[in-house]
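Written below as structure tokens is the structure these notes are about.
The values are calculated or read from the model by the stated rules, or taken from the named source; none is laboratory data. Small disclaimer: the values here were computed from a predicted structure and weren't measured. All Cβ positions, even for glycine, are placed from backbone atoms using ideal geometry, and neighbour counts span all protein chains on display. With ligands, DNA and RNA removed, areas are computed over all heavy atoms of the protein, side chains included. Shrake-Rupley method; radii C 1.70, N 1.55, O 1.52, S 1.80 Å.
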Amino acid sequence: MARLLVTGGAGFIGSNFVHYVVNRTSHDVTVLDKLTYAGNRASLDGLAKHRVSFIQGDVADPALVDDVVSSTDAVVHYAAESHNDNSLADSHPFLHTNLIGTYTLLEAVRRHGTRFHHISTDEVYGDLELDDHQRFTEETPYNPSSPYSSTKAGSDLLVRAWVRSFGVAATISNCSNNYGPYQHVEKFIPRQITNILRGIRPKLYGEGRNVRDWIHADDHSSAVMSILEKGRIGETYLIGADGEKDNKAVVELVLTLMGRPADAYDHVKDRAGHDLRYAIDSTKLRDELGWHPQYRNFEQGLSATIEWYRDHEEWWSPSKELTEAFYARLGQ
Ligand code: NAD
Ligand code: DAU
């Protein structure tokens, strides 16, 4: 049994990981989270208090980070500014948290000799053509497009440098688009579900031909646990569940599952620099660590996610108006 420090544990994927660890392992968890607009303490409700302790703070605060890292056995670093549209509007918090925050944690784990796992994204590889059969692998060159993905790429490179230069015991994973409970309503799937619940028409950027490779957040969590337990130090593992879908197909499926006509959505202004297609080849993770996704049916996982948002309006409702006001200013 160990104590894991989970940064960003009040966010979407971090909170799903904390639930996963508490429910399926004997590890205890310390969450370090700044509670930005994207963090929500209620995402950790219902977890045994003696298993999870919560610290509100910034991963770029060296004294706090040193103190917290000194009393944990391993760090799983989810904290980030995570939304591309926000990074186009104001990049500064992305440089602070994604770069300085990661650097601050690396210096602390270096001092204390603590195992470190860095959570990253497939967006560091840029995008693929729509009519291409290629997928990203661990060998694909970095080519990020947005302020968000370039800061994530920079954070990955910092981790690699701290492994090589200082012998930090770190691994990295780059995952594709997650869906599931506790995702902020700014993101594509929860935005459309909560729009429909509010009587607002879903909004599709541009033509909606862009492809994302969807994975359930629980499958991301199980992959991260496999890497923590069995991954080779210094290695990168890509995480994906063969879930490629174009945005138009996803919005039509959400509408159909919610009993609305499949074409009851609006096309809105496209995202600047909008990546066309992401697709993950997770052969290394599967062959080397024996990992497999449990959610193989996207429609079933999406139905369960829709039910979760229907049942948890008190969780998402406080963020909805502000989020839609932001998009209205962008014409999206
Ligand atoms: P999120 O925006 O839902 O949550 C981010 C969390 O980090 C929030 O709780 C926020 O309060 C916290 N945070 C932000 N700045 C902080 C700081 N300076 N100090 C401490 N805490 C801070 O993000 P998410 O979608 O859950 O993404 C989590 C991680 O997974 C990110 O590193 C992201 O790059 C990566 N990722 C996300 C996806 C996806 O589909 N969402 C896919 C692959 C990788
Ligand atoms: O690939 C992993 C990445 O997935 C993570 O690194 C990011 O943190 C995460 O936010 C996600 O990035 P995307 O930009 O792909 O996710 P988003 O939910 O913002 O958008 C998904 C797709 O849907 C994208 O092509 C843009 C489109 N979209 C989005 C919104 C919010 C719409 O068409 N309409 C919308 O209203």
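Looking only at the range 117-141, filter to residues that are part of a loop (DSSP other than H, G, I, E, B) and within 19 Å of the chain's Cα centre (by Cα); which one of those is nearest to T171 (Cα to Cα)? Here the residue is E138.
If I ask for residues that are assigned to a helix (DSSP H, G or I) and closer than 14 Å to I239 by Cα, which ones from the range 285-320 would you list? Give the derivation first.
Taking the range 285-320 as the starting set, the residues that turn out to be assigned to a helix (DSSP H, G or I) are 285-289, 298-311, 313-320.
L285, R286, D287, E288, L289, listed by residue number.
A count restricted to the range 60-100 and to residues that are in a loop (DSSP other than H, G, I, E, B) and out of contact with any Leu (no Cβ under 6 Å at 6 or more places or on another chain) stands at 12.
Within the range 25-41, identify whether any single residue is among the hydrophobic types (A, V, I, L, M, F, W, C) and open to solvent by 30 Å² or more (accessible area, probe 1.4 Å), and answer yes or no. Within the range 25-41 (the criterion being among the hydrophobic types (A, V, I, L, M, F, W, C) and open to solvent by 30 Å² or more (accessible area, probe 1.4 Å)), the answer is yes, since at least one residue qualifies.
Is it true that some residue in the range 308-320 is within 16 Å of C175 (Cα to Cα), away from ligand 2 (no atom under 14 Å from the Cβ) and not aliphatic (A, V, I, L, M)? First the steps, then the outcome.
Pass one, the range 308-320, residues within 16 Å of C175 (Cα to Cα): none.
Scanning the range 308-320, I find no residue that is within 16 Å of C175 (Cα to Cα), away from ligand 2 (no atom under 14 Å from the Cβ) and not aliphatic (A, V, I, L, M), so the answer is no.
Of all residue pairs spaced 6 or more apart or on separate chains, those with beta-carbon atoms under 8 Å, a first member in the range 23-40 that is of a type in the set (F, W, Y) and a second member that is surrounded by fewer than 18 Cβ atoms within 10 Å (Cβ to Cβ) are Y37/S319; Y37/L322.
Total residues in the range 277-332 satisfying the condition of being open to solvent by 70 Å² or more (accessible area, probe 1.4 Å), within 18 Å of Y179 (Cα to Cα) and in contact (Cβ under 8 Å) with a residue 24 or more places away in the chain: the figure is 6. Based on this model, can you work out whether R191 counts as more than 15 Å from ligand 1 (Cβ to nearest atom) and either outside any strand (DSSP E or B) or open to solvent by 20 Å² or more (accessible area, probe 1.4 Å) (or both)? So R191 does not fit the description; no. Each residue in the range 12-38 was checked for being within 26 Å of T104 (Cα to Cα), assigned to a helix (DSSP H, G or I) and among the hydrophobic types (A, V, I, L, M, F, W, C), and 5 of them qualify. Residues in the range 265-276 that are aliphatic (A, V, I, L, M) and either surrounded by 14 or more Cβ atoms within 10 Å (Cβ to Cβ) or outside any loop (DSSP other than H, G, I, E, B) (or both): V268, L276. A single member of I239, I280 is within 15 Å of ligand 2 (Cβ to nearest atom), within 30 Å of R164 (Cβ to Cβ) and in contact with a Cys (Cβ under 7 Å, 6 or more places away or on another chain), and it is I239. Restricted to the range 1-24, and to residues there that are within 8 Å of ligand 1 (Cβ to nearest atom) and open to solvent by 20 Å² or more (accessible area, probe 1.4 Å), the residue that is farthest from the chain's Cα centre (by Cα) is F12.
Among what's in the range 39-53 and is among the small types (G, A, S) and assigned to a loop (DSSP other than H, G, I, E, B), pick the residue that is farthest from ligand 1 (Cβ to nearest atom).
In the first step, residues of the range 39-53 are kept if they are among the small types (G, A, S); the result is 39, 42-43, 46, 48, 53.
Subsequent filtering for residues that are assigned to a loop (DSSP other than H, G, I, E, B) retains 39, 46, 48.
Values: G39: 3, G46: 17, A48: 20 Å.
Taking the candidates together, the pick is A48.
Residue pairs whose Cβ atoms lie under 8 Å apart, sitting 6 or more positions apart in sequence or on different chains, and linking a residue in the range 144-170 that is over 30 Å from L276 (Cα atoms) to a partner that is polar (S, T, N, Q) and away from ligand 1 (no atom under 16 Å from the Cβ), are A169/T114.
For the range 240-262, the criterion of a residue being in contact (Cβ under 8 Å) with a residue 60 or more places away in the chain, within 20 Å of the chain's Cα centre (by Cα), within 16 Å of ligand 1 (Cβ to nearest atom) and open to solvent by 40 Å² or more (accessible area, probe 1.4 Å) is satisfied by no position.
Can you spot a residue in the range 117-135 that is touching a residue at least 12 places away in the same chain (Cβ under 8 Å), away from ligand 1 (no atom under 14 Å from the Cβ) and open to solvent by less than 40 Å² (accessible area, probe 1.4 Å)? There is at least one residue in the range 117-135 that is touching a residue at least 12 places away in the same chain (Cβ under 8 Å), away from ligand 1 (no atom under 14 Å from the Cβ) and open to solvent by less than 40 Å² (accessible area, probe 1.4 Å). For A89, the conditions (1) within 15 Å of ligand 2 (Cβ to nearest atom); (2) under 19 Å from the mean Cα position of the chain (by Cα); (3) of a type in the set (A, V, I, L, M) all hold with the exception of (2).
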